[in-house]
Every structure is written in structure tokens, then in C-alpha cells.
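Enquirer: Here you go, one structure.
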Amino acid sequence: MSNLLAAISSDSDLFFWQNAFFAIFAVTMLYGAVKVVTTSNVVHAALWLVVVLSGVACQFILLGAEFVAVTQVLVYIGAVVVLFLFGVMLTRASMGDDESVADEKRMIASIVGVLLFSVMAFALIDTWSDDRIVIDEPQTVTEVSDSIFSQYIVPFEAVSVLLLAALIGAIVVARKD
Amino acid sequence: MLLNQFLLLAAALFCIGVYGVLARKSGMLVLMSIELILNAVNINLVAFGALTEDVGGEVFALFTIAVAAAEVGIGLAIVLLMYRNRRSIDLSEADLMKG
């Protein structure tokens, strides 16, 4: 861990600001994520989810992935969260439940989470102790689209069929008859 | 920027999502926790893509976003169906197939 802190503080000025913004976004995201899984109101959880998802979009911009960041905002914040709010509206009996969750269940879940994180953190610090990401220029939409429509065309078509199947499936499952 | 700071952030987000999936009872909140997990995976993909300066990381992050959108659509349809049949989306009550 001290290696990590020393390596971060040895960065030059530009890197200082990158790291400063990373820290701001990371703290906001983690606070929002904890609120998502602890707040008892479903609508509040969906709105905290917006904070986390925008934080992820900011991290994508820090990593120079503009197109993924824009897609994140469009698809997640634009569509998925609205879908969640519609779901909450249609199943409003569930508003503000979750107080009844047994403390034992919560305790076991937090033990699992903390153990998993400590194992992962140990493995990550052990393996990637001082690999650096240097971003000279962001990866442009042209590169991404060229790659999708040449090298990754088969998975792209598979995802298209999957989306169509999911659309039809959702309608079939949810319709009244 | 170190690669590790992104990986550790993603690991923390993943574990918070796992906690949510295990501790929550409402089907809607479990779906939101799954979104946290998928976003953690996306941060990892883009970070490794930036490390290797390969565009593949971004492309697969886009595929993950598409699959996550499909997953939310189907998941909400199932939750809605469950609500219509039992007037509750409490997952601990869904024990029809419990042995």
C-alpha cells in the first residue's frame, strides 16, 4: 500500500490533477454505491444509482474512452434508470420495504463483501503494483467504429440478435393476456 | 495514473454490488446492485484497454453495456410478472422451487 501512495505522489503536475479528479470521482462513486445498497427507499436508490453511473462515465473520460462515456450516459442514465423508475412506479407496493431484512443476513453479506474485497485487493496490488496508464490522446470514435465493424463484426451481430430477442422476450413475459 | 487505482475502485464497486445482491430483498434493488457489478467490470475493461492502448477494451465495454440493457429489460419484466402474480416483489417469498 505504501508503494502505491509513493508512486501516486511521485507523478508530475498533470498527473497530480488526473489523480485529484480520480479521487474526487472515486469517493463520490463509492459513497453513492453504498447508499444504493443501504437506503430503504427504492426511488432514492435509483437516484443514487445515477450518481454512481455518472461517476463511471467520468472515469471513462479520464481513461480517454470518450465514446464509451457518452454511451454510458445515453444508455444507463438515459434508458436504464428511467426503466427502473417505471418499474418502481408499476410495482409501488415495494416502496420503502427492506427494513425487515434480518440483521444476520446483512452481516453475512457484509462479511462476504469485505472478504472478497480483501482477497481481490491483495491480488491486484501484488500483480499490478506499478503499471502506469499514460494517455497521450483519447481513442477516437473512428478507431472504435472501425474496430467494431471489421475485427469484432461477429460479436456485434450476435449482440444485435440478443437485443432483439430480449426485446421480444420482455414483451412476451410482461404483457397481459 | 496507476492502473491499480482503477482496478481497486472497480473491485470496491464490485464488492458493494455483491453485498447488495446478497442483503437486499426487493427484486428491484437486487437488479440495481447487478448494475453496480456490471459497471465495475466495464471500468476494468476500459482500464486494461487504456493500458495496452488497444481499442478492444472499449469495444467489449460497449458490448457489456448492450447486454446489461437487455438484462435490465428482461429482469424488470420478470419482476413485473412476479408482482402481478403475488402482489409482492420480495425475493425471499419466491421459494416455489425450494427443495
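The values are calculated or read from the model by the stated rules, or taken from the named source; none is laboratory data. Keep in mind that this is a model prediction, so the values were computed, not measured. Ideal geometry is used to build each Cβ from the backbone, glycine not excepted, and the neighbour counts take in all protein chains shown. Surface areas here come from the heavy atoms of the whole protein model, side chains and all, with no ligands, DNA or RNA. Shrake-Rupley method; radii C 1.70, N 1.55, O 1.52, S 1.80 Å.
Enquirer: Summarise the partner chain shielding of A:143-152 as one whole number: the mean count of Cβ atoms from other chains within 10 Å of each residue's Cβ.
Expert: So the per-residue partner count for this stretch is 3.
Enquirer: So what are the stretch A:39-168's ellipsoid semi-axes, whole angstrom, largest first, if each one is the square root of 5 times an eigenvalue of the alpha-carbon gyration tensor?
Expert: 32, 26, 16
Enquirer: Kyte-Doolittle mean at least -0.5 and Cα extent at least 27 Å along the axis: which DSSP H helices of chain A qualify?
Expert: A:13-38, A:42-62, A:103-127, A:153-174
Enquirer: Also: Can you sort B:Met1, B:Met97 by solvent-accessible area, 1.4 Å probe, largest first?
Expert: B:Met97, B:Met1
Enquirer: What are the residues whose amide H is under 5 Å from the amide H of A:Asp131, where those residues sit 5 or more places off or on another chain and H is modelled from the backbone?
Expert: So A:Asp131 has HN proximity to B:Leu3, B:Asn4.
Enquirer: Residue by residue, what Karplus-based ³J(HN,Hα) values in Hz, rounded to whole numbers, does the stretch A:69-80 have, using 6.51, -1.76 and 1.60 with θ = phi - 60° and x for Gly and Pro?
Expert: For the stretch A:69-80, the Karplus curve yields 4, 5, 4, 4, 5, 5, 7, 6, 6, x, 10, 5 Hz.
Enquirer: May I pose another question? Can you pull the accessible area of A:Trp128 for me, 1.4 Å probe, Å² to the nearest 10?
Expert: Its heavy atoms expose roughly 70 Å² to the probe.
Enquirer: Roughly how compact is chain B, stated as its Cα Rg over 2.2 N^0.38 Å to two decimals?
Expert: 1.32
Enquirer: Rank these residues by their accessible area, most exposed first, probe 1.4 Å: A:Val43, A:Val81.
Expert: Values: A:Val43 45, A:Val81 5 Å².
Sorted descending by solvent-accessible area, the residues read A:Val43, A:Val81.
Enquirer: Determine the share of chain B's accessible area contributed by carbon and sulfur atoms, expressed in whole percent, with a 1.4 angstrom probe. Each step should come with its number before you reach the end.
Expert: Details: 2280 of 3430 Å².
Carbon and sulfur atoms account for 66 percent of the accessible area of chain B.
Enquirer: So, one more: Can you sort A:Ile168, B:Ile34, B:Ile89 by 1.4 Å-probe accessible area, starting with the largest?
Expert: A:Ile168, B:Ile34, B:Ile89
Enquirer: Accessible area per residue of the stretch A:2-174 at 1.4 Å probe, in Å²?
Expert: Dividing the accessible area of the stretch A:2-174 by its residue count gives 57 Å².
Enquirer: Okay, next question. So which trypsin sites (Lys or Arg not before Pro) in the stretch A:71-177 end up in coil per DSSP with only 11 or fewer other C-beta atoms within 10 Å?
Expert: On the way: sites: A:Arg92, A:Lys105, A:Arg106, A:Arg132, A:Arg175, A:Lys176; in loops: A:Arg175, A:Lys176.
Within the stretch A:71-177, the qualifying trypsin sites (Lys or Arg not before Pro) (loop, at most 11 other Cβ atoms within 10 Å) are A:Arg175, A:Lys176.
Enquirer: Just in the stretch B:11-67: which GluC sites (Glu not before Pro) are loop by DSSP and have at most 16 other Cβ atoms within 10 Å?
Expert: The qualifying sites are B:Glu53.
Enquirer: Shifting gears a bit: Could you tell me which of rounded, prolate or oblate describes the protein assembly as shown, using a ≥ b ≥ c as the square roots of the eigenvalues of the alpha-carbon gyration tensor, with rounded for a/c under 1.5 and, failing that, prolate when a/b is larger than b/c and oblate otherwise?
Expert: Because a/c hits 1.5 or more and a/b fails to exceed b/c, the protein assembly as shown counts as oblate.
Enquirer: Taking the Cα atoms only, what angle lies between the long axis of helix B:3-23 and the longest principal axis of chain B, rounded to 10 degrees?
Expert: It is inclined by approximately 0 degrees.
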